[in-house]
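J.: What follows is a structure written as structure tokens; I'll ask about it next.
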Amino acid sequence: MTKNIEIAILGLGNIGSEFFEILQKNLPEIEKISDTKIQISKILVSNINKSRKLEIDNDIITDDPEEIFNNTNIDIVVELMGGINPAYSYVLKCIESNKSIITANKDLIASHGKELFSKAKSNNVSILFEAAVASGTPIISTLTRDLSYSNITSIRAIINGTSNFILSEMEEKNTEFNDALKLAKDLGYAEPDPTNDIEGFDARYKLAILSSLAFNTEIDFNDLYVEGITNIDSTDFQYAKELGYSIKLLAIAEKSEQNILARVHPVMIELNSPLAKISGAMNAVEIKESMLGTLIIQGPGAGASPTSSGLLSDFISLLKNKNRLSDNVPTLNKKFNIVKIENLESRFYLRFIVADQAGVLSKMSNILGEENISIASVIQKENINLDGKWADLVFMTYKSTQSSINQALKKINGLSIVKELKSLIRVE
């Protein structure tokens, strides 16, 4: 027997408008495959009098969230407001009113995921968030359904389409950072204020979600190390290519016994690596599992259409599983220690601007040796952009700890022959 489902949408910005349109377009097919009659009952907006291009019945537009909370006929709420306040309190009230949630809000899930999951289970409803991490790329459903009982040991991910687009432009077209950022803004990949993307904060939220699901534990995004891409320039790409590497902003989480080391920062990654080949505004997630080996999922990582695709996928999933709403809600019941970045063991790429004179290499090499840091290769070239008195000096180290590198850099930066440390990039 055909069931009637009423839904509400919180927010009608770019994503909300796109989702409304794509849902309306696909409604007949969705109703057919789910044997469900679907009605959009309410859409919450901040300005009820705003002129809109969408064809929407004015009777379903409201600026009063209580009309949604108190409507017992509404079964599903699609939250597309973004941010934590007031989205958190609204979602909580909807769950307490026995409404299932679909959201693209990474901030909300990273900050309050465990509480919302628990509340959803208690009220026998769902909270689905495929679009919160990799837009339409199905990584959340893969972790919560297909790999829910697997032994995942690590995640390496490109999960910010904006930063990946910028780095791809710099690598492929020898573009400088600011020019690549401007192009990203012109194409709609970057926000007017791109801080969250280029400083790695967006990827940190997403990594907190991915690693929580992969390792079945609550992870506070504030505990994760983050470093953005603003210090990288075209010269770094030239040296990276010479050394056989690409540069990517990676979100990485590694589990060993009761410890997890999770971090977001630029890395040098070998040119023949699958992740090195992810270009433009694409996302990719590499999962290592003890029996499966390495699994890679990739797809579009920016824009309203891929996000709406992820939301629509969650919506159809809810309709198909309406009798088992809380089955796939994560529990996050394990405990791990979050390891600090200082304990990381990695190879390092270090690029300095140094005085172009004899003895510089020897002095700096000695300091690295004092901290038990072995040098794999050295590149020294005149810096043509300066006045002829300075040179680029690049060290590629063997594996060392971050703490040892930090100690060495304190000493090296105190040398009069060193103008500045231009770049520090970890090597995967």
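Where a number appears in this text, it was derived from the coordinates with a stated rule and is not lab data. Values in this document were obtained by computation on a predicted structure and should not be read as measured data. So basically every Cβ, Gly included, is an ideal-geometry build from the backbone, and we count neighbours across all protein chains shown.
J.: Enumerate the calculated ³J(HN,Hα) couplings along segment 266-277 in order (Karplus 6.51 cos²θ - 1.76 cosθ + 1.60, θ = phi - 60°), each rounded to whole Hz, writing x wherever the residue is Gly or Pro.
T.: Each residue's phi maps through the Karplus curve to give x, 9, 8, 10, 4, 4, 8, 6, x, 5, 5, 8 Hz.
J.: Taking 1 over the mean of 1/r across every pair of different Cα atoms in segment 150-301, what Kirkwood radius in Å do you get?
T.: Here the Kirkwood hydrodynamic radius works out to 15.6 Å.
J.: Please go through segment 233-300 and write out the trypsin sites (Lys or Arg not before Pro) that DSSP classes as loop and that have at most 12 other C-beta atoms within 10 Å.
T.: Numbers: sites: Lys241, Lys248, Lys255, Arg263, Lys277, Lys288; in loops: none.
The qualifying sites: there are none.
J.: Let me ask something additional. What percentage of all Cα-Cα pairs in segment 136-237 are separated by more than 16 Å?
T.: Counting every Cα pair in segment 136-237, those more than 16 Å apart make up 61 percent.
J.: Give the cross-link partners of Lys277 among the lysines, using a straight C-alpha distance below 18 Å as the criterion and excluding same-chain residues fewer than 8 apart.
T.: Partners within reach: Lys173, Lys241, Lys248.
J.: Suppose we keep just the alpha-carbon trace of segment 1-126; what are its Rg and Dmax in angstrom?
T.: 14.3, 40
J.: How big is the convex hull of the Cα atoms of the chain, per residue, in Å³?
T.: So the per-residue hull volume is 153 Å³.
J.: Rg and Dmax in Å for segment 221-368, alpha carbons only: what are they?
T.: When restricted to Cα atoms, segment 221-368 yields Rg and Dmax of 20.9, 76 Å.
J.: To the nearest 0.05, how large is the calculated FRET efficiency for Asn259 and Thr331 if R₀ is 22 Å and r is the Cβ-Cβ distance? Display every interim value, and only then the final one.
T.: Values: r = 21 Å, r/R0 = 0.94.
The value I calculate is 0.60.
J.: Springs between alpha-carbon pairs under 10 angstrom, Gaussian network model over the chain: which of Ile140, Ile102, Ile40 fluctuates most?
T.: Greatest mean-square fluctuation among the candidates belongs to Ile40.
J.: Another question, if that's okay. So which of Lys288/Lys340; Lys119/Lys288; Lys106/Lys334 end up more than 25 Å apart, counting from Cα to Cα?
T.: Over 25 Å Cα-Cα: Lys119/Lys288.
J.: Compute the distance in nm between two label points, each set 7 Å from the Cα along the Cα-to-Cβ direction, one at Asn178 and one at Asp387.
T.: In this crude label model, Asn178 to Asp387 measures out at 2.2 nm.
J.: How many percent of the alpha carbon pairs in segment 342-427 exceed a separation of 16 Å?
T.: 47 percent
J.: Counting pairwise Cα distances across segment 263-338, what percent come out greater than 17 angstrom?
T.: Details: 1969 of 2850 pairs.
Across segment 263-338, Cα pairs with separations above 17 Å total 69 percent.
J.: Using amide H atoms built in the peptide plane, which far-off residues or other-chain residues are under 5 Å from Ile61 H to H?
T.: Under 5 Å from the amide H of Ile61 lie the amide H atoms of Ile43, each far enough along the sequence or on another chain.
J.: Also, I was wondering about something else. Considering only DSSP states other than H, G, I, E and B, which chymotrypsin sites (Phe, Trp or Tyr not before Pro) in segment 121-168 qualify as loop sites with at most 13 other Cβ atoms within 10 Å?
T.: Tyr149
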